[in-house]
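Q: Quick one: the structure is below, questions incoming.
The values are calculated or read from the model by the stated rules, or taken from the named source; none is laboratory data. Owing to the predicted nature of the structure, the values given are computational and were not obtained by experimental measurement. Using ideal geometry, Cβ is built from the backbone for each residue, glycine included, and neighbour counts are taken over all protein chains shown. We work out accessible area using only protein heavy atoms, side chains counted, and drop any ligands, DNA or RNA first. Shrake-Rupley method; radii C 1.70, N 1.55, O 1.52, S 1.80 Å.
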Amino acid sequence: MDRRESLKAIVLGTVSSAFLLESCGDTKTEEQAAQVLETPTESAALPGRMPEEIAHLKEITSKTFFTEPEMATITVLADIIIPADDVSGSASEAGVPAFIEFIVKDKPENQTPMRNGLKWLDIQCQDRYDNPFRECTEKQQLEMVDAIAYPEKAAPEMKKGVAFFSLMRNLTATGFYTSEMGVKDIGYMGNRPNQWQGVPEEVLREHNLAYTEKQLRECVTNGRNV
């Protein structure tokens, strides 16, 4: 099972998905982030939103936290965690980097762990490959990720990297699977209105019953000939 399938399995598990979301923050924040990122200009005017919520969202979206090099690294990491496959696009194509930018501004406690983790990653890659992570070859990037992606196998000196990658992985999975692309990837159809087509004809006949013309016209016309 590849990383993407592993993450999908985690999200589909009730207990694990709760952990996934709670590890990054409250569910409402992620839902708000998804709305803002999908409709950045109209989201503030969504019905039912309190004035203070609108003001907060406007303040957050007016600022930038990550530098361009940091965003480039986040984009590479996100696409390593969730690459494109036959079902859907990659994490970056689903807007995950922008989601992470939003989350760290909305929940500032994530700013230092993310920034320090990105610096740690670049220092490690400079020592190993003479380049920051974003400028390493794909092979080198995967080698570095493999060194910090599996806590039970990681070397003790990789502890800081493991903590950073766990946060990055949680944010990426949360961002992707709360996006429209991620929801379709899981196969979730959403809530849909029922179309009551009445009791089947064979059941009615078995009990010597039948709808009146008025009942058919007013209650069970969908999908039935009346």
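Q: For the stretch 69-81, just list the computed ³J(HN,Hα) in residue order, Karplus coefficients 6.51, -1.76 and 1.60, θ = phi - 60°, integers in Hz, with x standing in for Gly and Pro.
A: After applying 6.51 cos²θ - 1.76 cosθ + 1.60, I find x, 5, 5, 5, 5, 4, 5, 5, 4, 4, 6, 6, 5 Hz.
Q: In the structure shown, do any of LYS139/LYS184; LYS63/LYS160; LYS107/LYS159; LYS63/LYS105; LYS119/LYS160 have a Cα-Cα gap over 19 Å, and if so which?
A: Numbers: LYS139/LYS184 30 Å; LYS63/LYS160 28 Å; LYS107/LYS159 23 Å; LYS63/LYS105 8 Å; LYS119/LYS160 11 Å.
Cα-Cα > 19 Å for LYS139/LYS184; LYS63/LYS160; LYS107/LYS159; rest within.
Q: Can you compute log10 of I(q)/I(0) for the stretch 99-143 with the Debye formula, treating each Cα as one identical point scatterer, at q = 0.26 Å⁻¹?
A: Cα-only, vacuum Debye calculation for the stretch 99-143: -0.82.
Q: Computed from the mean reciprocal separation of all distinct C-alpha pairs, what Kirkwood hydrodynamic radius does the stretch 131-174 have, in Å? Don't skip to the end; give the middle numbers.
A: Numbers: mean 1/r = 0.0913 Å⁻¹.
About 11.0 Å for the stretch 131-174.
Q: Once ligands and nucleic acids are excluded and a 1.4 Å probe is used, how much of VAL162 is accessible, expressed in Å² to the nearest 10?
A: Number for this one is 20 Å².
Q: Another question, if that's okay. Within 12 Å, Cβ to Cβ, of GLU93, how many net charges do the neighbouring residues add up to if Lys/Arg are +1 and Asp/Glu are -1?
A: Values: positive: none; negative: ASP79, ASP85, GLU180, ASP185.
Spelling it out: positives minus negatives among the neighbours equals -4.
Q: Cα extents of the stretch 106-182 along the three principal axes, largest first, in whole Å?
A: Extents along the principal axes, in whole Å: 37, 26, 25.
Q: Ignoring ligands, DNA and RNA, how do ARG205, ARG115 rank by accessible area with a 1.4 Å probe, largest first? Kindly include the intermediate steps, with their values, before the conclusion.
A: Working: ARG205 155, ARG115 60 Å².
Sorted descending by solvent-accessible area, the residues read ARG205, ARG115.
Q: Here's a follow-up. So how do GLU213, GLU180 rank on accessible area, 1.4 Å probe, biggest first, that is with the largest at the start? Before the final figure, lay out each step's value.
A: Working: GLU213 145, GLU180 110 Å².
Ranked list, largest accessible area first: GLU213, GLU180.
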